[in-house]
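A.B. asks: First the structure, then my questions, so here it is.
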Amino acid sequence: MSSVSNSVSDQIRSTFNFTVDKFPLSGPDGMSTPLYGLFRSDNSSLVGSKSVTARYHPHTTDDVCALADAAENAFDGDIDIRCHFRNGHYVDVKPNIAERKAVYGTADNIWPRVLIRAGYDGESFRASMGYFRDACSNMAMMSMVSGTSVCIRHTSGLRSKMDELITTFNTLKNSWSNLSDVVDQMQSREVVLTDFLNQLYPQPTQAEGRAVTVHRNRTESIVRRVMRERLTTGRPSLGQDFTISAWEAYNAVQGYVQHDAQARKGFTGEFDRIIRAANDQTVRKAERLALAA
C-alpha cells in the first residue's frame, strides 16, 4: 500500500520504484529461443505467467502516472490513491467529493471508487467505476453495468495522449449516476437468500462428504454476514423466509469472497482480496442474478 505524498505522480513513483524489463529466455544448455520474460528490476522476480515476443514493449511507471493524472483531472484535482502491484500496476482512486449514495435510510451508503489496472498480460489497460460500501467495507466493481468500465489501448507513451485519457475518465466519472440507478433497482427487488445461494453454489449430495460440510459452512457464513449487515444498516431482522433485497444478496456474496473465503497462497492482503473478488466468476454470476431478480 502507498502512503499520502505531495502529488499523485510522486506517490505512484514512490510505490512503483522499479521497472519491468524484458529479457530473452533460454532453453536447455543456453539454447536461444524467440521468447522473452518480464522481470522486476528491484528483485528480479518474474512478472506474469506468460512469455512475450521481441515486439512486446512493457509499459512504464510514467504510463501509470499518466492514467492516474487523467483521473485526477477528471475529478477536479482532488483524489486520494492507493497503489498495489501484482503482475501489473493497480491504482485505487478515491475521489474526495461529496457524492455519497444513500441506498437504505442513512446507514447503507456507497461512495464512488475507480480502479485502474495496467497489467502485463498483453490486454488493454482497464479503468472501472465501482463503489465502496460503508456497511461491509466492500469495494466492488460491477461488470454488467453499462458505461462503468473502459478499455485503454496498451501502448507506450501515454503521456502524449493526455487529452484523450482525460476525456475517457470524464466519461467514467459520469457513469456514477448510471451505477447509482442500478443499485436502486437492486435494492427495490427481493430474492430468497437460500434460493439465490443455491443457484450460485449447487447443493452437493450427502454422499459427497466434505463437499457437504464446505457448502454448509459457506452458506452459514454468508447468512451471518447478511444478519450483521441488516443490523448495521437498520434493516429489520432476517425473517424465517430469508427474503432480502437483491442488493443485500449481491453484497453478501461479494463480501464473502472478498473478506471471508480462504485466500490462495500469496493472496492474503487487502488489495489482493479486492482484485480476487473483482475477477471472481461466482461474484459475476451473483451480479447477473441480482440484476435479473
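Nothing in this text is a laboratory measurement; each read-out follows from the coordinates by a stated rule. Fair warning: this is a prediction, and the values are worked out from it, not measured in the lab. Every residue, glycine as well, gets a Cβ built from its backbone with ideal geometry; the counts of neighbours run over all protein chains shown.
A.B. asks: Highest mean first, how do 21-29, 228-236, 66-74 rank when packing is the count of other Cβ atoms within 10 Å averaged over residues? Display every interim value, and only then the final one.
C.D. replies: Values: 21-29: 10.9, 228-236: 15.4, 66-74: 23.0.
The most tightly packed comes first, giving 66-74, 228-236, 21-29.
A.B. asks: How long are the semi-axes of the equivalent ellipsoid of the chain, taking √(5λ) for every eigenvalue λ of the Cα gyration tensor, in whole Å from largest down?
C.D. replies: Those come to 37, 26, 15 Å.
A.B. asks: Moving on. If every alpha-carbon in region 187-292 counts as one equal scatterer, what log10 I(q)/I(0) does Debye give at q = 0.17 1/Å?
C.D. replies: -0.83
A.B. asks: Also, quick follow-up: Going by Cα centres, region 78-111 and region 218-278 are how many Å apart?
C.D. replies: When both Cα centres are located, 18 Å separates them.
A.B. asks: Sticking with this structure for a sec: Which order do the peptides 56-62, 199-205 come out in when sorted by mean C-beta neighbours inside 10 angstrom, highest first?
C.D. replies: Highest-to-lowest ranking by the protection proxy: 56-62, 199-205.
A.B. asks: Using only the Cα atoms of region 41-90, build the gyration tensor, take square roots of its eigenvalues as a ≥ b ≥ c, and label the shape rounded, prolate or oblate: rounded if a/c is under 1.5, else prolate if a/b is larger than b/c, else oblate. Walk me through the intermediate numbers first.
C.D. replies: Working: a/c = 3.24, a/b = 2.03, b/c = 1.59.
Here region 41-90 falls in the prolate category.
A.B. asks: Only residues of region 225-249 count here: report those whose backbone N is under 16 Å from the spot 7 Å along Cα→Cβ of Glu190, or say none.
C.D. replies: 235-249
A.B. asks: What distance in nm lies between label points placed 7 Å from Cα along the C-beta direction at Asn43 and Arg288?
C.D. replies: Those two pseudo-labels are separated by 3.7 nm.
A.B. asks: On to the next question. So what is the calculated 222 nm ellipticity per residue for the chain, using -39500 (n - 2.57) for each DSSP H run with n of 4 or more, over all residues, to the nearest 500 deg cm²/dmol?
C.D. replies: For the chain, the value works out to -12500 deg cm²/dmol.
A.B. asks: Hydropathy first: keep DSSP H helices in the chain averaging at least -1.0 on Kyte-Doolittle, then drop any whose Cα extent along the axis falls short of 18 Å, and list what survives.
C.D. replies: Length and hydropathy pass: 61-74, 162-188, 210-232.
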